[in-house]
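J.: Next up is a structure, given as structure tokens.
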Amino acid sequence: MSESDPAVDRFLEGSDAGLTHTAWKRALREDVLLGEACADCGHRSGAPRAACVRCGSRELEPIALPTSGEVITETTIAVPPEGFDGPHTVAIVELDAARIMAGVEESVDIGDSVELVGVLERDDEPGPLFG
Amino acid sequence: MPRASVVGAGMTEFGPHDKTLSELFAEAALPAMADAGVERGDVDALFVGNTLGGTTENDTHLGPKLASHVGLAGVPTQRFEDACATSSNAFKHAVRAVESGPHDVVLVGGVERCTPETGLDTPEMTKAFVSAADRQYEQPAGITFPGVFGLLTKRHMHEYGTTEEQLARVAVKNHANGTLNPRAHFGKETDVESVLDSPLVADPFRLMDCCPFSDGASAVVVASEAFADSFDAPVDVTGIGHATDIVPIADKERLTATHSAREAASQAYEEAEIGADDVDFCELHDCFTGAEVLATEALGFFADGEGGPAAEAGRTELDGEIPINPSGGLKAKGHPIGATGTAQIVELTEQIRGEVGSRQVPEATTGLAHNLGGDTATTLVTVMEART
Ligand SMILES: [Zn+2]
């Protein structure tokens, strides 16, 4: 493991706990996107796991992701699930090699630059909102 | 080498059914048992798929309930849930169970009620379906299943130039095939213009790019190699592949690859000792038109990026080089989630037996089924061949 990052550490429950979903949620609600970097294969993810989704390594370092990035793909959803008003846009956004699924405020195209503008809240589960 | 044989097949029409899950299942299971000529006492186990009954109908522990309803109380049962790949996974386990010895004859099927006519309305059902997406890292963004496949397909369009017209051609073909299938939810032809003019669901998909919510059931009787010869019309299962891919989709290596389908296909081809070129026809998981394009590439029928042009050129039509979804597919036949996988096996069985009338693929001796679950996270691929 590399040097710990105080900007990340303040959300973690303890040095050995790794990145929990509770910590990830708390950070997102303060406009900080947390993720994990794999020490073995280098994969960066915005979805905390107990092991690297690509190589299975447990050597995952909690990291703060940039809050701006590029749209990799997007869709405008006209028939929303219960609890959402349509139409709304959902995208896969790449933030320094880590990709996450996020809501987007307005319609965007692949390749557009977007930045974190807020949080979607449903059933006590926050989701990042870009614009 | 056969792993097992399908010796009986049955399914309901797909569409609205105002019946209980047990009643609906019986309408597939009893005909499958009659087709095989088996009765209580001949069937060693029941494997059954149902995806949403716990969520939508407060109905779980379905194994013994369905067994009781069809006269099989007492046999061991197993219920499966793998999103839309639910009953092909049940089928896989039935095949493995007779292949490896614990059972000789297994009844396997699926049942689901999803139509707004008989259950939840569309927003509630859309929410129930999306339970298969990642709870923490996908659902809060407001994603839906048309949205998941919209994301994958938009990327495919960006990388390869796949067009909305090419996607529409998939719907037109599957609707045409569906008109030849008396069990199809939709029995009406459509055209490219009507597809492109239908209301937006999740771009690039319009209503006519999307499969319907259906009610329905399907079932087959699987027998071991040792028992198969004692039945009238066995069709051999020669290969099965089953793989998963990373959830959430953002972490996948390549969004357009449907990696689990590639891995499952490679396993199934290897087990059956065949290649994509040997397949005479295919039933695949066209939950959305874009999903069919991605699947025809993942299964090796066309090179990456060629799935759209191939659909447009008619290469996947009933009289094309590789007929895809002669049943009408999920698009026209319908998609009662947990019943879809074994319904594909019913179509493979009846095509290979030469029993399907006007939608019969000529010389259909080798068929392939591709059943996908969740955000392309589970895929099962099954190869079936005429008994030689
Ligand atoms: Zn790794």
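The values are calculated or read from the model by the stated rules, or taken from the named source; none is laboratory data. Computed from a predicted structure; not experimentally measured. Every residue, glycine as well, gets a Cβ built from its backbone with ideal geometry; the counts of neighbours run over all protein chains shown. Remember, those area values only see protein heavy atoms, side chains included, never the ligands or the DNA or RNA. Shrake-Rupley method; radii C 1.70, N 1.55, O 1.52, S 1.80 Å.
J.: With the requirement that a residue be more than 8 Å from every other protein chain (Cβ to nearest Cβ) and without any contact (Cβ under 8 Å) to a residue 12 or more places away in the chain, what does the range B:103-130 give you?
T.: Matches in the range B:103-130: B:ASP121 only.
J.: Within the range A:20-47, how many residues are within 16 Å of the ligand (Cβ to nearest atom), within 12 Å of another protein chain (Cβ to nearest Cβ) and over 19 Å from A:ALA91 (Cα atoms)?
T.: Of the residues in the range A:20-47, 4 are within 16 Å of the ligand (Cβ to nearest atom), within 12 Å of another protein chain (Cβ to nearest Cβ) and over 19 Å from A:ALA91 (Cα atoms).
J.: One residue is enough: does the range B:270-278 have a residue meeting the conditions assigned to a helix (DSSP H, G or I) and crowded, with 24+ Cβ neighbours inside 10 Å?
T.: Within the range B:270-278, one or more residues are assigned to a helix (DSSP H, G or I) and crowded, with 24+ Cβ neighbours inside 10 Å.
J.: Taking the stated definitions as given, is B:GLU99 within 7 Å of chain A (Cβ to nearest Cβ) and acidic (Asp, Glu)?
T.: Considered against the rule, which asks whether it is within 7 Å of chain A (Cβ to nearest Cβ) and acidic (Asp, Glu), B:GLU99 comes out as no.
J.: Quick one: which residue in A:PRO80, A:PRO87 is free of Cβ contacts under 8 Å to residues at least 12 places away in the same chain, more than 17 Å from A:PHE11 (Cβ to Cβ) and open to solvent by less than 30 Å² (accessible area, probe 1.4 Å)?
T.: Matching residue, one of A:PRO80, A:PRO87: A:PRO80.
J.: Right, next: Checking B:ALA257 against (1) under 17 Å from the mean Cα position of the chain (by Cα); (2) under 30 Å from A:ARG99 (Cβ atoms), only one condition comes out false. Which one?
T.: (1)
J.: Within the bounds of the range A:29-40, is there any residue that is small (Gly, Ala, Ser), closer than 21 Å to B:VAL247 by Cα, over 13 Å from the mean Cα position of the chain (by Cα) and open to solvent by 30 Å² or more (accessible area, probe 1.4 Å)?
T.: Yes, the range A:29-40 has at least one match.
J.: Another question, if that's okay. Go through (1) in a loop (DSSP other than H, G, I, E, B); (2) open to solvent by less than 20 Å² (accessible area, probe 1.4 Å); (3) in contact (Cβ under 8 Å) with a residue 60 or more places away in the chain and name the single condition B:GLU283 misses.
T.: Failing condition for B:GLU283: (1).
J.: Here's something else I'd like to know. Taking the stated definitions as given, is B:ALA257 part of a helix (DSSP H, G or I) and farther than 18 Å from B:PRO326 by Cα?
T.: Answer is no for this residue.
J.: Right, something else. Step by step: first the residues of the range B:165-197, then only those that are open to solvent by 10 Å² or more (accessible area, probe 1.4 Å) and among the small types (Gly, Ala, Ser), then the one that is nearest to B:LEU24 (Cα to Cα). Which residue is that?
T.: The residue in question is B:ALA184.
J.: Confirm whether A:ILE92 is within 11 Å of the chain's Cα centre (by Cα), facing chain B (nearest Cβ under 7 Å), away from the ligand (no atom under 16 Å from the Cβ) and at pLDDT 95 or above.
T.: Taking the combined requirement at face value, the residue satisfies it.
J.: Outside the structural domain of B:ALA36 (by TED's automatic domain parsing), without any contact (Cβ under 8 Å) to a residue 12 or more places away in the chain and acidic (Asp, Glu): is that true of B:GLU159 in this structure?
T.: Answer is no for this residue.
J.: Something else about it: Say we look at the range B:241-261 and pick out the residues that are out of contact with any His (no Cβ under 8 Å at 6 or more places or on another chain) and over 24 Å from A:ARG44 (Cβ atoms); which of these is most open to solvent (accessible area, probe 1.4 Å)?
T.: B:HIS242
J.: Could you give every pair whose Cβ atoms fall below 6 Å, whose first residue belongs to the range A:57-76 and is away from chain B (no Cβ under 12 Å), and whose second residue is at pLDDT below 95 and assigned to a loop (DSSP other than H, G, I, E, B), counting only separations of at least 6 or pairs across chains?
T.: Note: pairs meeting the criteria are A:GLU61/A:MET1; A:PRO62/A:LEU19; A:PRO66/A:ASP96.
J.: Residue check, A:PHE84 against (1) within 13 Å of the ligand (Cβ to nearest atom); (2) modelled with pLDDT under 95; (3) of a type in the set (A, V, I, L, M, F, W, C), all met but one. Which one?
T.: Unmet condition: (1).
J.: Test A:VAL104 against the stated conditions and say whether it is within 12 Å of chain B (Cβ to nearest Cβ), within 30 Å of B:VAL201 (Cβ to Cβ) and away from the ligand (no atom under 16 Å from the Cβ).
T.: Here the answer is yes, as A:VAL104 does meet what is asked.
J.: Let me ask something else. Can you pull out every residue in the range B:131-145 that is at the interface with chain A (Cβ under 7 Å from one of its Cβ atoms) and crowded, with 24+ Cβ neighbours inside 10 Å?
T.: Within the range B:131-145, B:TYR137, B:GLU138, B:PRO140, B:ALA141, B:GLY142, B:ILE143, B:THR144 qualify.
J.: What are the pairs, 6+ residues apart or on separate chains, where a residue within the range B:358-373 that is at positive phi has its Cβ under 7 Å from a residue that is hydroxyl-bearing (Ser, Thr, Tyr)?
T.: As it stands, the answer is none, since no pair meets every condition given.
J.: Could you check the range B:133-226 for helices (runs of 4 or more DSSP H) lying wholly inside it with 1 or more residues that are in contact with a Cys (Cβ under 8 Å, 6 or more places away or on another chain)?
T.: Passing ranges, in order: B:145-160.
J.: Got a sec? Which of B:GLN267, B:GLN344 is under 25 Å from B:VAL356 (Cβ atoms), in a helix (DSSP H, G or I) and not aliphatic (A, V, I, L, M)?
T.: B:GLN344
J.: Then there's this: Looking at the range A:60-71, can you tell me whether even one residue there is within 16 Å of the ligand (Cβ to nearest atom) and either under 13 Å from A:PRO128 (Cβ atoms) or open to solvent by 40 Å² or more (accessible area, probe 1.4 Å) (or both)?
T.: Scanning the range A:60-71 turns up at least one residue that is within 16 Å of the ligand (Cβ to nearest atom) and either under 13 Å from A:PRO128 (Cβ atoms) or open to solvent by 40 Å² or more (accessible area, probe 1.4 Å) (or both).
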